[in-house]
Amino acid sequence: MSDSSIKTLISEFWDVVVIGSGIGGSTVAYSAAQNGKRVLVISKPTSSGQLPLWKDRVYDVLNGKNEVPFLGDGIGGSSRFYGMVMERLEESDFIQTELGSWPGLLSEWTPYFERAEALLGANKASPRPEWTPFFKKMQKQGIQIDPLNLSCRLKDNCRFCQSTLCDNDCKIDAFSGPLQKALKTQNAFLLEGKAIKLKENSGHVVAVEIHTSEGLATVRGQQFVLATGALRTPGILSGTECLGATAAFSRLPAIGCYFMRHFIDLYVVKWPELKKHSPELKKAIHADKVWGSKSLYFENGIKLGSMQAFGSFPEFNYVWEDFSGSNPWVKYIPGGKIGFKLALDHFCKHPLLATIVEDAPSQLNRVMGRSDGGVDIYYALDTQSRVKISYIRSRMKHILGQCYSNILKEAENNFRLAHACGTCRMGLQTQASVVDYYGKVHHSDNLWIADSSVFPTSTGKNPALTIAAHALRLADKGLLKII
Ligand SMILES: Cc1cc2nc3c(=O)[nH]c(=O)nc-3n(C[C@H](O)[C@H](O)[C@H](O)COP(=O)(O)OP(=O)(O)OC[C@H]3O[C@@H](n4cnc5c(N)ncnc54)[C@H](O)[C@@H]3O)c2cc1C
């Protein structure tokens, strides 16, 4: 960005200042800009030629481990790498339990899911016929198969990749979708910079201090939207500088609490007819991310989650760094890195399924922003979660029967943070929540949160569509009504 354009952008008083350009930030920016508001999106930049990957270490307080999670950062956030699966919430997510629920009714959210799907170009995938024998076996076990809804242009050569910025240009993410649409309205502008802190007076945010290539700057506006992701938003909120007599957000003890991450396991599956196919076709079937099932979502009154084709593994180098960092046993694999690659190639000959199981909110599980910008997590699996994890594993083994080949147990891994959520939870009580049911921060008249941190429950669904639906609802029912 040129110095003069930075100066021009920071000199304006904006209708809406959005901090973060992931699914949440880009969607709310699009909605406000389309409604004629002057919007500034401030986002950490992505260095040219580099992948927009997370670089900060996360410290797992309970296990004493320090790792860089496999997440996206910079413009577009994690969506630049996501698996593109768009899933709507279910009726069961709106049933009130002592652990919480989603506000309102599914019917009230449905138009927002529809709009979010249109904005993110969601399409139904079509599984290739070679899956049919497997589907028949699943149907015999009472598992209903549905095509996945994908934010993907579904080109023939799509590899459903989850770690590269692929030349195929199939993926519709926050950057290529809502952010570009927002910028095209000419009401929204992007400023590359890192938000350092908000400044508030009696709960009214007056400015955000940012670091740009030009140094420190202050951006002012009428309304502010935090969308820096569930791991970072609590740190920014609790680091707010108070310009008045009483710090408004220090009266919100739930900031950072109720941190949730899904329990995700991967299953390697085989079926007799798969053997007949050529290695190339088997590889293509392995990469297919085209079907899912809701049959285990709500079973016998218990919320489990989604089951779906996982698609391609991320690039080997990420997988190696990630696995060898979090699984010390990997170094005992004969042949070390090469041995691990051979084992992975072997796995990748066969299709993989993922189970995404709901993680229930607990006040004890939390994230804390550090002064150096890093993040500490405190996360312990309780007995109920362990029971749920072992239940889904035995259920899957039974359902898959002879198709069950192997399992990659990842549910217990605290660094599986792709679906982190819940750290600035929605609710009515200021003791147990941070934002109201439309995303406005309690004790504030002009600060909103649009990312996955507002999730009251993690649900058993992929989160991106719900983040986008929340951002559109926040704009319609809150933000745009005020300005
Ligand atoms: C490999 C992978 C696969 C996934 N697959 C799926 C899938 O198939 N379907 C699905 O629904 N979900 C999927 N997810 C999850 C989904 O991508 C995330 O839940 C979603 O993108 C989170 O969006 P967000 O807006 O909450 O936050 P983020 O994507 O975390 O965005 C935060 C934004 O804030 C910016 N930011 C952070 N700090 C600052 C600061 N101080 N100043 C300025 N800007 C800042 C970041 O650069 C970024 O732009 C996947 C995630 C991963 C990693």
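Could you list, in sequence order, all residues of segment 114-128 that are aliphatic (A, V, I, L, M) and more than 18 Å from the chain's Cα centre (by Cα)?
Ala118, Ala125
Taking only segment 155-164 into account, find how many residues are more than 13 Å from the ligand (Cβ to nearest atom) and crowded, with 16+ Cβ neighbours inside 10 Å.
The total comes to 2.
Just give me the residues in segment 88-116 being in contact (Cβ under 8 Å) with a residue 40 or more places away in the chain and open to solvent by less than 30 Å² (accessible area, probe 1.4 Å), in sequence order.
Leu89, Ser92, Asp93, Gly100, Ser101, Trp102, Pro103, Trp109, Tyr112, Phe113, Ala116
Name the residue, out of Tyr378, Tyr332, that is under 30 Å from Ile302 (Cα atoms) and of a type in the set (Ser, Thr, Tyr).
Every option except Tyr378 fails the conditions.
Find the strands (runs of 3 or more DSSP E) located wholly in segment 364-483 whose residues include 1 or more that are away from the ligand (no atom under 15 Å from the Cβ) and under 20 Å from Gly100 (Cα atoms), and list them.
366-369
Does Leu150 qualify as being within 16 Å of the ligand (Cβ to nearest atom), under 30 Å from Ser405 (Cα atoms) and open to solvent by 10 Å² or more (accessible area, probe 1.4 Å)?
No; evaluated as a whole, the condition is false for this residue.
Do we find a residue being buried (at least 17 other Cβ atoms within 10 Å of the Cβ) and touching a Phe, Trp or Tyr at 6+ places or on another chain (Cβ under 9 Å) anywhere in segment 241-253?
no
Tell me the residue from Glu273, Glu280, Glu315 that is open to solvent by 20 Å² or more (accessible area, probe 1.4 Å), within 16 Å of the ligand (Cβ to nearest atom) and among the charged types (D, E, K, R), please.
Residue meeting the stated conditions: Glu315.
Where residues in segment 192-209 are among the hydrophobic types (A, V, I, L, M, F, W, C) and surrounded by fewer than 22 Cβ atoms within 10 Å (Cβ to Cβ), which of them is nearest to the ligand (Cβ to nearest atom)?
Among those residues, the one meeting the criterion is Ile196.
Hey, any hits in segment 340-360 for a residue that's at pLDDT below 80 and in contact with a Gly (Cβ under 9 Å, 6 or more places away or on another chain)?
Within segment 340-360, not a single residue is at pLDDT below 80 and in contact with a Gly (Cβ under 9 Å, 6 or more places away or on another chain).
So, in segment 243-283, how many residues would count as being free of Cβ contacts under 8 Å to residues at least 60 places away in the same chain and not in a loop (DSSP other than H, G, I, E, B)?
Count: 4.
Somewhere in segment 165-172, is a residue closer than 23 Å to Ala450 by Cβ, open to solvent by less than 10 Å² (accessible area, probe 1.4 Å) and modelled with pLDDT of 95 or more?
No, there is no match, as no residue in segment 165-172 is closer than 23 Å to Ala450 by Cβ, open to solvent by less than 10 Å² (accessible area, probe 1.4 Å) and modelled with pLDDT of 95 or more.
I'm trying to understand the selection: among the residues of segment 173-191, which are open to solvent by 30 Å² or more (accessible area, probe 1.4 Å) and not hydroxyl-bearing (Ser, Thr, Tyr)?
Answer for segment 173-191, where residues must be open to solvent by 30 Å² or more (accessible area, probe 1.4 Å) and not hydroxyl-bearing (Ser, Thr, Tyr): Phe175, Gln180, Lys181, Leu183, Lys184, Gln186, Asn187, Phe189, Leu190.
Can you name the residue in segment 226-240 that is assigned to a loop (DSSP other than H, G, I, E, B) and within 11 Å of the ligand (Cβ to nearest atom) and is also surrounded by the most Cβ atoms within 10 Å (Cβ to Cβ) among such residues?
Ala227
Select from segment 261-270 the residues that are in contact with a helix residue (DSSP H, G or I) (Cβ under 9 Å, 6 or more places away or on another chain) and open to solvent by less than 30 Å² (accessible area, probe 1.4 Å) and list them in ascending order.
Matches in segment 261-270: Phe263, Asp265, Leu266, Tyr267, Val268, Val269.
The values are calculated or read from the model by the stated rules, or taken from the named source; none is laboratory data. All values derive from a computational prediction rather than experimental measurement. For neighbour counting, all protein chains shown are included, and Cβ atoms are generated from backbone atoms with ideal geometry for every residue, glycine included. Accessible surface is based on the protein model in full, side chains and every heavy atom, while ligands, DNA and RNA are left aside. Shrake-Rupley method; radii C 1.70, N 1.55, O 1.52, S 1.80 Å.
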